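Remarks on the structure that follows.
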Amino acid sequence: MKILFSKKERTLPKNRINNLYKYGSRIYSNSLILIWNYVEDESVLPIKLIISVPKKQIKKAVNRNYIKRIIREIYRLNKSITHKLISQPIEIIIKYNKSTLPEFNELKVELLNLLKHDSFKKNETNT
């Protein structure tokens, strides 16, 4: 498996994003919120991921971009683990929800714990 994070993996139409925020399941952690929804589409990509850092939380664009870059890199490096955990196509929004800049290792542990959360398994059997 390639260790890339392509444009196709990180783009969704606006109506799908709105549906995710409206109807998606959520998991909260200390500094991240994970919003997801399983999809019925027969798409080539099993996971579509969007990373969001609100302007209200982090004022400077430089810092917002830095946080997005960290989250993208953590996902990219652990992509194979994530693909093994999730069996059907899914759309995910990862939202940073703190007003301070994170450390790479702390955010890595937190994101991996969210991706390994039991809620994915419970929801997968219900749909």
**OP:** Based on a Kirkwood Rh over C-alpha pairs, give the Stokes-Einstein translational diffusion coefficient of the chain at 4 °C and viscosity 1.567 mPa s in µm²/s.
**Re:** 86 µm²/s
**OP:** Could you pull out the GluC sites (Glu not before Pro) across region 4-108 that fall in loop regions by DSSP (anything but H, G, I, E, B) with no more than 10 other Cβ atoms inside 10 Å?
**Re:** 40, 42, 103
**OP:** Using the 2.2 N^0.38 Å rule of thumb for compact globular proteins, work out how region 50-114 stacks up: its C-alpha Rg over that value, please.
**Re:** 1.15
Subject >> Ellipticity estimate at 222 nm from DSSP helix runs (n ≥ 4, -39,500 (n - 2.57)) divided over the chain, nearest 500 >> reply: -13000 deg cm²/dmol
Original post:
Expressed as a whole number of Å, what is the distance separating the alpha-carbon centroids of region 74-92 and region 1-50?
Top reply: 10 Å
Original post:
Relative contact order for the chain using alpha-carbon pairs under 8 Å, separation at least 6, rounded to a whole percent?
Top reply: 34 percent
Original post:
Among the trypsin sites (Lys or Arg not before Pro) within region 2-83, which fall in a DSSP loop and have no more than 16 other Cβ atoms within 10 Å of their own Cβ?
Top reply: 2, 7, 55, 56, 59, 60
**OP:** Take the eigenvalues of the Cα gyration tensor for region 25-81, scale each by 5, and report the square roots as semi-axes in whole Å, largest first.
**Re:** 24, 15, 11
Original post:
To the nearest 10 degrees, how steep is helix 14-23 against the longest Cα principal axis of the chain, on a 0 to 90 scale?
Top reply: 80 degrees
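Values in this text are rule-based calculations from the coordinates and carry no lab data. Keep in mind that what you see is a predicted model, and the values were worked out from it rather than measured. Don't worry about glycine lacking a Cβ; one is built from the backbone with ideal geometry, like all the others, and counts go over all protein chains shown.
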